[in-house]
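Taking it in order: structure first as structure tokens, then the write-up.
The values are calculated or read from the model by the stated rules, or taken from the named source; none is laboratory data. Quick caveat: nothing in here was measured; it's all calculated off a predicted structure. In this analysis, Cβ positions are derived from the backbone assuming ideal geometry, glycine residues included, and neighbour counts consider all displayed protein chains. Heavy atoms of the whole protein, side chains included, go into the accessibility calculation; ligands, DNA and RNA do not. Shrake-Rupley method; radii C 1.70, N 1.55, O 1.52, S 1.80 Å.
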Amino acid sequence: MINKLLLAAGIVFITSLGALAQNTNSSQTGRPLTTVSPTSTNRAVDQQKNTDVQEPTTTQPAAKRTETKPKMATTETPGSQSVVAAFNGLINGIRHADVKAVTSVYLNSPRLILFNSNGTVTKGWEQLRMNRQSSYRDLKDVKLDIRDLSITMLGREGAVVSCLWNQSQTYKGTPETATGRMTLVFKRVGKDWKAIHLHTSPDKPDPSRVLPSESPASTPSPSPNP
């Protein structure tokens, strides 16, 4: 009887060990666990941040272009504007029959010489002043037009002014008109420019006062194709 009990107990024990071994094998053959290292986890997170967040692009400011303005070309000769101002003062004085304005443009010197359009010669500033006082008192409605004005500077101390003129006026109640050419020589005197010589002549002189060999009819016209 005792032997039967011992045999039964042994069978039960062996059966329990077999079941335990089977359960152990079943748990080992299941899905293996995956171990993630901290380094790989951080790298994946960083890559995700880089993908999700875009850094703002920095735009370099466009370089400002500075345009260089070309220098204006000038044909003005130093001092020519002052000569023009003196010449204009003379012309305006004639238009207003102003003795003082006209005579102040000329150099106050006894060596002053003027060749007038009527063929006479004025010598000295004082004679000029007397002539203008005598004639201007009877002048009215003076109109003087200047064209083809040319200025040639002779260094820093001299200048030559030439032009064509057309003048109309009333002298002692009688209208009259004339045209001609004029050349003035200016000299710098201190800060001013003074006329030291005048030569004016009609552009259509009296044929009787012109040598036959120099008359326009006997002078050949220049060839257009030299």
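A few notes on this one:
- Charge tally around S109: other residues with Cβ under 14 Å, Lys/Arg +1 each, Asp/Glu -1 each, net +3.
- Net charge dipole size for segment 118-218 [Lys, Arg +1 and Asp, Glu -1 on Cβ; Debye, nearest 20]: 420 debye
- Per residue, the accessible area of segment 76-178 comes to 59 Å², computed with a 1.4 Å probe over protein heavy atoms only.
- Accessible surface of segment 81-150, 1.4 Å probe, proportion on carbon and sulfur as whole %: 48 percent
- Cα gyration tensor shape for segment 119-226, rounded if a/c is under 1.5, else prolate or oblate: oblate
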